[in-house]
1. Of everything in the range 68-95, what is open to solvent by 30 Å² or more (accessible area, probe 1.4 Å), within 13 Å of the chain's Cα centre (by Cα) and not hydrophobic (A, V, I, L, M, F, W, C)? Give them in sequence order.
2. Assuming G270 fulfils every condition listed in (1) open to solvent by 20 Å² or more (accessible area, probe 1.4 Å); (2) assigned to a helix (DSSP H, G or I); (3) more than 21 Å from T26 (Cβ to Cβ); (4) touching a residue at least 12 places away in the same chain (Cβ under 8 Å) apart from one, which condition is it?
3. So P320 fits all but one of (1) open to solvent by less than 10 Å² (accessible area, probe 1.4 Å); (2) farther than 28 Å from M139 by Cβ; what number is the exception?
4. Checking the conditions here, which among E577, E585, E566 is more than 22 Å from I333 (Cβ to Cβ), at pLDDT below 90, open to solvent by 80 Å² or more (accessible area, probe 1.4 Å) and of a type in the set (D, E)?
5. Name the one entry in S102, S120 that is in contact with a Leu (Cβ under 9 Å, 6 or more places away or on another chain), part of a helix (DSSP H, G or I) and not aliphatic (A, V, I, L, M).
6. Return the total of residues in the range 421-460 being in contact with a helix residue (DSSP H, G or I) (Cβ under 6 Å, 6 or more places away or on another chain), polar (S, T, N, Q) and either over 22 Å from K480 (Cβ atoms) or assigned to a loop (DSSP other than H, G, I, E, B) (or both).
7. So, of the residues in the range 547-565 that are without any contact (Cβ under 8 Å) to a residue 24 or more places away in the chain and in contact with a His (Cβ under 8 Å, 6 or more places away or on another chain), which turns out to be nearest to H337 (Cα to Cα)?
8. Would you confirm whether or not the range 498-511 contains a residue that is without any contact (Cβ under 8 Å) to a residue 60 or more places away in the chain, open to solvent by less than 60 Å² (accessible area, probe 1.4 Å) and acidic (D, E)?
Amino acid sequence: MRLIARAMGRYKRAVAICIFIKLIGTLSELLLPYILEHIIDDIAPLGNLRLAVLWGLLMFAAAVLCRQLNVAANRRAVDTAHRVSYDIRQDLFRKTANLSGSQFDAFGLPSLISRMTSDSYNVQSAVQQLQSLCVRSPMLLAGGVIVTLAMDASLAMILIGMLPVLILAVLVVTARGLPMYNQVQQRLDAVVRVMRENITGIRVVKALSKTEYEKRRFAQTNRDMTDSDIAAGTMMAIPSPLMQLCFNGGLALVVFVGAGRVNKGVMEPGVILAFLTYFNMIIMGVMGLSRIFMTMSKAGASADRIDQVLHMETDQRVLPESEALTPAGDEFIRFEHVSFSYGEDSAASADASGFAGEEREKALTDISFALKRGESLGIIGPTGCGKSTIISLLMRFYDVRDGGVFVDGKDVRTYDKDRLRERFGVCFQNDMVFQDTLRSNVRFGRDLDDNAFRAAIEDAMAAEYIDALEDGADHRAAIKGANLSGGQKQRLLVARALAARPEILVLDDSSSALDYQTDAAMRRAIRQNHTSSTLIMIAQRVSSIMSMTHILVMDNGKCVGYGTHEELLKTCPAYRETYQIQMGEMA
């Protein structure tokens with residue numbers, strides 16, 4: 001709820017104006033039954049047509065004023081609610097973009113997506129209803145009770161006697177509904193996760209003829225969420241029929257008692273009509289309050305989930321120099337006895353994953369190497385051996401706890417993350433091509449001139465196919481580059497990494513879709529035109545890394561070989577076997 005209060009606090013003036021307009025509109029609405037009662041009981045018996053018309057016009061003016069003010073207030077409420085939702089999504093996006101790797105892993109992408117979409121929408125609905133109903137409903141309830149007490153206290157007690165039962169029902173149901181809506185949102189996360197997996201992997205699903213299997217898997221996840229939503233909705237719907245029962249019973253009782261009092265001459269007929277109208281207003285007020293509680297129950301669960309992200313404290317502070325490690329050498333990039341397990345650098349990740357306090361399998365164990373400026377490192381090894389984890393630690397997506405990672409003689413934890421990453425040009429495995437022009441995909445929001453763009457696509461061997469397109473570099477890539485081949489995407493992504501001529505160039509399995517000739521030409525262009533860049537290349541092909549200054553051979557998170565190509569052929573059986581298999585030299 002603090003999130004909603006903070007969000008509305010940014011628009012205090014707009015909210016105050018909306019509430020004031022709603023206040024005047026509701027007062028006008030409360031006047032209508034009173035004016036009607038006065039016309040029936042006091043004006044009509046006089047037989048004065050002119051006076052009756054004047055009071056009729058006054059009643060009409062009050063009705064028009066009520067309608068117009070309520071419409072104006074509701075429009076303002078909608079506008080403010082949308083602005084609040086916009087702010088929340090902006091704050092969530094900024095926070096998500098700054099989460100560390102372990103924090104991102106802890107929440108999970110599907111959960112972050114649902115918090116930014118359905119949860120922010122629930123908060124938006126709550127903000128809108130708070131402005132439109134938080135004045136009208138309590139005023140209809142309180143005003144109706146006060147006016148009916150003034151008109152006839154004994155008849156008003158019929159209405160007042162029902163209110164505690166209705167209010168208690170709303171409070172009990174709301175208290176039970178809040179945890180149920182929490183569960184609904186958690187199961188919505190699961191629906192988003194399964195849907196995302198299937199959309200992303202649709203080709204694999206179809207290729208393996210597993211469409212029906214995935215349909216059943218999604219149906220089960222969807223059914224679980226639907227069952228939770230139905231249970232929560234059923235619980236929150238309980239007050240509505242109870243209110244209708246009380247309303248109809250009270251209405252009948254008011255008519256019965258009122259008719260008897262009119263027959264006895266102690267009450268005017270107009271009072272009964274006014275009572276029935278006020279009774280309807282009181283019930284509308286109670287039902288409005290019930291809607292507020294129901295909406296706030298759902299929004300409260302959503303606001304708590306959003307707040308979990310917004311108030312997640314960073315687990316990657318800039319380390320003071322006094323607390324930093326000192327490298328053993330002066331090389332440009334150094335890893336010294338680095339060991340790492342996913343989840344160990346974030347308490348939030350441990351709590352979310354459920355592995356707090358348990359032994360985790362090491363992703364890296366005692367990794368050490370050093371590179372001078374302009375040197376190159378090739379990393380090779382089987383899938384899952386920790387190659388990409390080395391890059392994640394170097395770029396500080398995760399923070400290491402055992403050992404030290406150094407860039408330019410400084411512990412990477414002493415760098416501001418943005419300043420550190422500005423030194424890199426990176427092409428990750430399965431990197432993202434955005435739905436934009438090829439030129440914009442390479443420039444990626446950076447102030448790069450046409451010469452830098454041209455040089456990058458030529459070095460990445462992308463110029464050939466880009467120039468062959470009818471609209472050239474202005475050709476628009478589809479979502480995730482669906483209208484480009486695998487090799488075209490990889491060359492475009494390598495061009496993005498090269499374009500700013502980075503100090504450190506990282507290519508993570510970026511040539512797997514390229515033929516050997518194109519791969520060799522691209523590596524040759526990088527060696528010739530980017531001599532000042534320190535290159536780290538992760539590859540599955542020995543041919544891609546055999547010319548590197550250093551080669552690191554990985555297996556199961558450990559270094560099983562380090563040296564030049566010639567040295568490893570003599571000293572590392574794993575490297576030699578891979579080389580012989582790939583080069584066709586097995587006996």
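The values are calculated or read from the model by the stated rules, or taken from the named source; none is laboratory data. From a predicted model like this one, the values you see are computed outputs, not experimental measurements. Cβ sites come from the backbone with ideal geometry, for glycine too, and all protein chains shown count toward neighbours. These area figures cover heavy atoms from the full protein model, side chains too; ligands, DNA and RNA do not enter into them. Shrake-Rupley method; radii C 1.70, N 1.55, O 1.52, S 1.80 Å.
1. Going residue by residue through the range 68-95, those that are open to solvent by 30 Å² or more (accessible area, probe 1.4 Å) are 68-69, 71-72, 74-76, 78-79, 82-83, 86, 89-91, 93-95.
Then keep just the ones that are within 13 Å of the chain's Cα centre (by Cα); that gives 86, 89-91, 93-95.
Passing the criteria: Y86, R89, Q90, D91, R94, K95.
2. Condition (1) is where G270 drops out.
3. Going through the list (1) open to solvent by less than 10 Å² (accessible area, probe 1.4 Å); (2) farther than 28 Å from M139 by Cβ, P320 breaks only (1).
4. Values: E577 fails: at pLDDT below 90; E566 fails: at pLDDT below 90.
One residue alone meets the criteria, E585.
5. Only one candidate qualifies: S120.
6. Of the residues in that region, 1 qualify.
7. Top of the filtered list is G563.
8. no
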